[in-house]
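Below is one structure, written out as structure tokens; comments come after it.
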Amino acid sequence: MEIPSKYEPKEVENRWYAYWQHHNFFHSEPDDREPYTIVIPPPNVTGVLHMGHMLNNTLQDVLIRRARLLGKNACWVPGTDHASIATEAKVVAKLREQGITKSQIGRQAFLEHAWDWTRQYGGVILEQLKKLGCSCDWDRTKFTMDEDMSASVIKVFVDLYEKGLIYRGYRMVNWDPEAMTTLSDEEVIYEEIQGKLYYIAYSIEGSDEQVTIATTRPETILGDTAICINPGDERYRHLRGKKAIVPICNRVIPIIEDTYVDMEFGTGCLKVTPAHDVNDKQLGEKHQLETVDIFNADATLNAYGLHYEGQDRFVVRKAISGELEEKGYLLKTENYLTKVGTSERTKAVIEPRLSEQWFLKMGPLAGPALDAVLTSGEVQIYPQKFVNTYRHWMEHIRDWNISRQLWWGQQIPAYYYGQGPDDFVVAESREEALVKAREKSGDKTLKPESLRQDEDVLDTWFSSWLWPISVFGGILEPNNKEVQYYYPTSDLVTAPDIIFFWVARMIMAGYEYRKERPFKNVYFTGLVRDKQRRKMSKSLGNSPDALELIDHYGADGVRVGLLLSSAAGNDLLFDEALCQQGKNFANKIWNAFRLVKGWEVAETEQPEAAKLGIAWYRAAFQKSLTEIEDHFSKYRISDALMATYKLVWDDFCSWLLEIVKPPYQQPIDAKTLAEVVSLFEDNLKLLHPFMPFLTEEIWQHMAKRSPDQALMVAKWPETKAADASLVIGFEQASEVIAGIRTIRKEKNIPMKDALELKVLNVAGVSDQWDVVVMKLANVSHVEATSSAVDGALSFRVKSNEYFVPISGAVDIEGEIRKIREELEYTRGFLKSVQKKLANERFVKNAPENVVALEQKKAADAEAKIETLEKSLASLE
């Protein structure tokens, strides 16, 4: 097979991905091997690949490819999430463009449109993952709205309801007025904004007196049903038992007392609006206050808003503050920094709203999930810093609002047969519901059409929390072969921002429905940010197009670039230059391969330098392999790549290939070539999880291989005992070579001119490495000396001193002049540092690390002066 002069990622990536798929390398079936299972965090079905997906799925692919090489039965289950809010919003927008509303066409027709949308756009992100090289078992692709997946969700709802864990409640919920649905607490993002504090005067009934309250939401005064004061506040003792009049609407409201009121905030008087604030609702219940809801579902004002009816809440805020000022009720405003809840999906400001919803009791489910992480360690979290985040949320867990006022999703399986609050049943099907309804109502003649199914759907996360079980059919058939083999899964790779939405809930579901953990390890990636530490987003224009990156740098280059900038759990500061570095690395490996394959071969004796170099590299490889295995065991994937990168770029390409390279236009001996190729193949195995396309291309070029000999299904290198002295010896030799090369560079001595090397061997270093030094530094011979050598330049490596005689090679007088100048400068520099260190105030007041740095500067300068003085003495 002809080797192209240049590595062409696009052609290579398409060819090898098709090859892997054709030979079913991604597919897994239960067998007698140890399973290694990952379930993908399902992206939104309508989503497209962004930088977060790129990082997350690259990490998963690294783990799954390494598991295959380790001989495990690797199974990576892909799929997508139906994303109720996001998908429904897209379909609603599309219909709006056609002049159609949801209510006009009804639920069934709307769902047909949603399915059409899903079929049209649903596979895009999964196809994009293939471009990245993701080796998912595509035969197992799941969608959270698949028939069996939906059936699992409904079955779990019914089961939890029958266990008394799911209930209906009239509660204050987080309302998204744009999506027109409730949200769970975890779906609300709090943002700090610059708002205003409005000081408003309320008249006291039957007097000319007024009381002032401070509020950030003047529009809600139309829903006020009380003013509350602290019973310990002497300023307002005279108001006890009196009533106030709400401005504009003139509602007469009681003045109540409660220790809840913070006397230091605002004026110490609190307006109470039970319909629009969770704390006010609690006060309202405690003091039996009237509840006046002034908002429609879309956050416009209703009839209680009087002349503001139909206007948006923020429009009314501005208008009503003007009216209050005009009528003398608005006394002043102040700038005020406040936090507002926003919808994680639509970014709309959340409105607290009283509504009847379905809830899941989380307390009984949280116990085993908390123990699994904090006590038994059955679930390990990496990095450890997220354990406290997990603990805090689990110890303060609140019931989960699981109903959503949407049509796209699993419809809640509650069926109503009458008008009473308890006239409903919960069942997996309409037929089963009819049987239950007849039994509960005592009406055996109840007709099927009498049943009305609840209009709401379940929160999307209510399907996602079952993902590791349901993808293997473990809810519908708990004892099936697949779930028994693949569950619990091995590793979960995800972002820390869904630790509550998804990770904690999956652990709870695992113990509730399988009595065991859903995964052994959770690896949290960082969030992808730009160089200015801003989160990547389309609105900021700082998120590069993922596919364009792949097109420009190659999939392997992008994978390496992402991982080089990603430490476990820390935010990734993405820099496109790192993708260029990844591309350069790919080219370096490709060129190394072309060099090796380009050598002529002959049956000649193996040179000593080559023999020693190969022995050293085997030891260096084993040392790096041990480090890499340790990094993988601790989920330091970026560090594992860096160790591999250094091994291949520095040790293999920069050193070993130079050691074994035959003289110009001379052949290499067959033994050396075979051993170098074997070592190259071991390198490819280490590199494959990170750079699958490039490595498979080189692997297949190296020899004719059958499909079962493909690199993707090869065997990971084994850890073996290695001679550590070889690594230490090479380290010394490489520094000697670097010292000679520095002299050549500084003195402009051509590489073709051989030099002599004399060693004052204080450390007793073996002469074993002399052959390598002689070859790589073009040294004619190495000779021991018992004293300094006249007419030579010198350098130190540890306690040994090396001398390079330069008589005739350089201008001695000119060299003496240069050394004297450098000596004079270094002495001056040392004097200035010593002066600083002699200053007691500096030493006493400067930070410890600053003083240490100055001390190091002094020590380095002293050592340099000593070397320069010796070089000068030898030349003179």
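Set the Förster radius R0 to 56 Å, insert the Cβ-Cβ distance between residue 725 and residue 376 as r into 1/(1 + (r/R0)^6), and round the FRET efficiency to 0.05. E between residue 725 and residue 376, to the nearest 0.05, is 0.80.
Distance from the C-alpha centroid of the stretch 804-876 to that of the stretch 505-559: 50 Å, rounded to the whole angstrom. Applying 1/(1 + (r/R0)^6) with R0 = 25 Å to the Cβ-Cβ distance of residue 824 and residue 763 gives a FRET efficiency near 0.20.
DSSP beta bridges fully contained in the stretch 209-344 are about 75 percent antiparallel. Ordering 642, 172, 149 by accessible surface, largest first, gives 642, 172, 149; the 1.4 Å probe counts only protein heavy atoms, with every chain in place.
At an R0 of 22 angstrom, the distance between the Cβ atoms of residue 788 and residue 748 translates into a FRET efficiency of 0.35. With a cut-off of 11 Å on the backbone N, the residues of the stretch 67-81 near the modelled label site 7 Å out from residue 485 along Cα-Cβ are 73-75.
With both labels modelled 7 Å from their Cα along Cα-to-Cβ, the residue 210 to residue 439 distance reads 6.6 nm.
For 835, 94, 864, 447, give me the order by solvent-accessible area with a 1.4 Å probe, most accessible first, ignoring ligands, DNA and RNA.
If we order 835, 94, 864, 447 from most to least accessible, we get 835, 447, 864, 94.
The distance separating the Cα centre of the stretch 8-77 from that of the stretch 641-656 comes to 26 Å. The gain in end-to-end length when the residue 781 to residue 873 segment is fully stretched comes to 30.7 nm, 0.36 nm per residue minus the alpha carbon separation. Working from label points 7 Å from Cα in the Cα-to-Cβ sense, the residue 167 to residue 194 distance is 4.6 nm. Normalised per residue, the accessible area of the chain is 46 Å², obtained with a 1.4 Å probe and no contribution from ligands, DNA or RNA. Ordered by 1.4 Å accessible area with all protein chains kept, 629, 191, 455 run largest first as 455, 191, 629. Distance between the 7 Å Cα→Cβ label points at residue 864 and residue 649: 2.7 nm. Its DSSP H runs of at least 4 residues, each contributing -39,500 (n - 2.57), put the calculated 222 nm mean residue ellipticity of the chain at -13500 deg cm²/dmol, to the nearest 500.
Multiplying the residue separation of residue 185 and residue 245 by 0.36 nm and subtracting their alpha-carbon distance yields 18.1 nm. Please state the relative contact order of the stretch 297-450 as a whole percent: Cα pairs under 8 Å, 6+ residues apart? Over the stretch 297-450, the number comes to 12 percent.
Stretching residue 389 away from residue 454 to a fully extended chain increases their span by 19.8 nm, per 0.36 nm per residue minus the current alpha-carbon distance. Taking the DSSP beta bridges with both ends in the chain, the antiparallel portion is around 70 percent.
The values are calculated or read from the model by the stated rules, or taken from the named source; none is laboratory data. Since the model is a prediction, treat every value here as computed from it, not as a measurement. All Cβ positions, glycine included, derive from the backbone under ideal geometry; neighbour counts span all protein chains shown. With ligands, DNA and RNA removed, areas are computed over all heavy atoms of the protein, side chains included. Shrake-Rupley method; radii C 1.70, N 1.55, O 1.52, S 1.80 Å.
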